[in-house]
């Protein structure tokens, strides 16, 4: 048999790599069979004269944003949340379709707000729907990890882009295991939330107001050189936040009415929770992506979010419309005796990190994450490379040293996803599917494929209408 | 031309890699021409019946050590240093042979201790040699970065292995730029050292005594997964130390007589100095290597150290004997307008990190370091792989995620260095060659090749005598 001396690679990169390893010249061509039924939509959108400039504008606006932590305060004051109003992760959903972890978090939050004494009694409240209402975080300038439930008494980080004054928000991270965002609502969960609202939040507020804004985008730059991908590894980011706030925390505590024991408790809590910074990484990503919203003709994804039942995306050129499909089960590693049957489908606004080019998109810079989410180190490196095939740009501020400082792949392009069939790679925590359980594992997941052809069809419709 | 279908690789790995990339089966053989004149010594040492077990014992003892930070205190109390006694980095040296940065640090330290009013007046003190004496840090259970000067009033970390009670020591890190260890002695340098002795040291002492021991070996495990190689990148390590000590620092300050402003200053100083943890990484490495000392027949290097004039190594099987050669100039990147002519030859005990398998040996885990010390990311990866050729073991506790969690190469073997000609790779800061200047850059350097054949000859002599 004669080996070919030149091959045109039309499949996945791994195939091209395998051929290259056989010492054959390879010309890589990023063509693969498009997703079924997308040919007409792809042709229409490709011909949209607005597309190129719109996407360039979307990328430019996104990359220009500097996310600064400027304040901390309760959601009642910061977002104007009223009693009975519950924010949640993902696209809109009603109680009857809500998954276990979202229900668990809503029940716990109802007790936290004093609407019921016992979380277990909260079901009827939501079934009746009187005096309570549900709304996505994304509709209120916020993002929430996992269930993402926000109620008036919860304290939130406030991030601002100094150039535009635009703001985004996120609650304070509770830590791992039995926590509200994973659907747990035991007394210890609510006690912790009360301490966060009574001590941690006000102390952080005093520190931020005294120290001045903290450069969250800058910390993200550093942490991506320190083994964090800022979705499921936030250890270095958390430590840098602590470094930046600890002196002011110490100095401002007494005037804010807190003791040195309170300060020590706060430092111990933040330092003991490697995920604390996630709740700053997420609104920083949303702040960047929000700047790219509502550009007619742009095919760039500006949000990916899950409510535990549905996975939804929003696209710059299609306004606030959600394109949804069923949330998938992650493939990964489980805590203790938990297994795949215990896991809820994918949940949370945290896929905003992947939407901005970090998290699963930046796993090459955080190879140690495979010990948490599964997969191998070569997989992690290959994933980041593969995501460049479906994105519009590299982010020069967020680079991956081991890939010779290449910027992370950012700006998911609906047309590239449809044209290649390559789905965005998300890494994620897994919540127990039963309300009250908490975290059961972590793993890798993708959006349901159909959301991209649906979004493409809408983009094509709008392109045709604009013609 | 017919391509060979099997090649026996006898050269550098990069060649083997290139051949492998051409899809030819490669059998790697770690043979290269030995260093000139070492054939007889290699044969004698290879035949030493004690060698294999001695090296296994050396590796086992080294890997067993757990370095815990157990106390902080002044060198006068901790090491019993008397006025006029100066410790320094590297093998023994006298004033007349001392380089600029070592002289600068000694002059500054003489003023710090009140032996002279002005550092510039200290020269005659050392020239006469009356009432002053110089001794290597290594001879007193200590290590010092760069000039490594230690005097009675300087505060030191105390590290202990709980299994054996063995201890090592190191001063507190001053930061970068104009600092004593780089040979600077301006008033700001001495003021900072006085604040460190008056405030920072006692605060850290109070914190460590109140929090209990800090697991330095454990922090090293983590930081190697966070972009630090623990010689010239210690950012994550510094932040984890701060995380572990900050709560106790806050709680213990008042009883120790310090204000919240003092605490905030201490947190700001440590948080603002990414190299702070180096002075814990170094004595942790020495503690591990000291456990491997004095094993008859062992060819393992237990110290590499430089005084700015001489580079010296000590070997387990040859006791306290130093094998020395001229310290080399590093090749690297320079600060501001400095260039190669401004740099002093290699200086400091910090090569203890490479001796233990981190620093230059672990650059694969810290690719961002090439922006500080020069070279490319592929070089950094290749360096760690190459160091496995001259070491006896991998350290399972200190692993490199991007190399699929392979342990760092540890336990430099004099015979492997002589047999392959591959020299240990050190990365290092560069001091200005003129006393008083401070740091001028950072780069890559190796020991002078001749120290290994000299050590081998002595090992052969001892092997023959034991026969």
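Whether any residue in region A:317-331 is closer than 24 Å to residue A:236 by Cα and either more than 14 Å from chain B (Cβ to nearest Cβ) or surrounded by fewer than 24 Cβ atoms within 10 Å (Cβ to Cβ) (or both) is what I want to check. So far as region A:317-331 goes, no, none of its residues is closer than 24 Å to residue A:236 by Cα and either more than 14 Å from chain B (Cβ to nearest Cβ) or surrounded by fewer than 24 Cβ atoms within 10 Å (Cβ to Cβ) (or both). Taken together, B:420, B:415 contain a single residue that is farther than 20 Å from residue B:175 by Cα, crowded, with 24+ Cβ neighbours inside 10 Å and more than 14 Å from chain A (Cβ to nearest Cβ), which is B:415.
If you go through region B:392-418 and pick out every residue that is out of contact with any helix residue (DSSP H, G or I) (no Cβ under 7 Å at 6 or more places or on another chain) and free of Cβ contacts under 8 Å to residues at least 12 places away in the same chain, you end up with 1.
If you go through region A:434-461 and pick out every residue that is surrounded by fewer than 19 Cβ atoms within 10 Å (Cβ to Cβ) and farther than 16 Å from residue A:313 by Cα, you end up with 2. In region B:133-142, is there at least one residue being under 25 Å from the mean Cα position of the chain (by Cα), buried (at least 24 other Cβ atoms within 10 Å of the Cβ) and farther than 30 Å from residue B:289 by Cα? No, because not a single residue in region B:133-142 is under 25 Å from the mean Cα position of the chain (by Cα), buried (at least 24 other Cβ atoms within 10 Å of the Cβ) and farther than 30 Å from residue B:289 by Cα.
The one condition from (1) out of contact with any strand residue (DSSP E or B) (no Cβ under 9 Å at 6 or more places or on another chain); (2) at the interface with another protein chain (Cβ under 8 Å from one of its Cβ atoms); (3) without any contact (Cβ under 8 Å) to a residue 60 or more places away in the chain that residue A:252 does not meet is (2).
Against the list (1) touching a helix residue (DSSP H, G or I) at 6+ places or on another chain (Cβ under 6 Å); (2) buried (at least 24 other Cβ atoms within 10 Å of the Cβ), the condition residue A:262 fails is (2). Scanning region A:258-280 for residues that are more than 8 Å from every other protein chain (Cβ to nearest Cβ) and free of Cβ contacts under 8 Å to residues at least 12 places away in the same chain gives a single hit, A:259. Filtering region B:183-228 to residues that are out of contact with any strand residue (DSSP E or B) (no Cβ under 9 Å at 6 or more places or on another chain), in contact (Cβ under 8 Å) with a residue 12 or more places away in the chain, surrounded by 18 or more Cβ atoms within 10 Å (Cβ to Cβ) and not in a helix (DSSP H, G or I) leaves B:185, B:227, B:228.
Before we move on, is residue B:176 within 16 Å of residue B:277 (Cβ to Cβ), in a helix (DSSP H, G or I) and either in contact with a helix residue (DSSP H, G or I) (Cβ under 9 Å, 6 or more places away or on another chain) or within 14 Å of chain A (Cβ to nearest Cβ) (or both)? No: the conditions fail for residue B:176.
Only residues that are in a helix (DSSP H, G or I) and under 26 Å from residue A:411 (Cβ atoms) were counted in region A:333-357, giving 8. Tell me yes or no: at least one residue of region A:397-411 is outside any helix (DSSP H, G or I), within 9 Å of chain B (Cβ to nearest Cβ), out of contact with any strand residue (DSSP E or B) (no Cβ under 7 Å at 6 or more places or on another chain) and at positive phi. Within region A:397-411, one or more residues are outside any helix (DSSP H, G or I), within 9 Å of chain B (Cβ to nearest Cβ), out of contact with any strand residue (DSSP E or B) (no Cβ under 7 Å at 6 or more places or on another chain) and at positive phi. Can you confirm whether residue B:244 is facing chain A (nearest Cβ under 10 Å), surrounded by fewer than 24 Cβ atoms within 10 Å (Cβ to Cβ) and within 27 Å of residue A:211 (Cα to Cα)? Here the answer is yes, as residue B:244 does meet what is asked.
Among the residues of region B:370-396, those that are at pLDDT 95 or above, in a helix (DSSP H, G or I) and either touching a strand residue (DSSP E or B) at 6+ places or on another chain (Cβ under 6 Å) or buried (at least 23 other Cβ atoms within 10 Å of the Cβ) (or both) comprise B:380, B:384, B:387, B:388, B:390.
The values are calculated or read from the model by the stated rules, or taken from the named source; none is laboratory data. Everything quoted here is computed from the prediction, not taken from an experiment. FYI the Cβ positions are ideal-geometry reconstructions off the backbone, even for glycines, and counts take in every protein chain you see.
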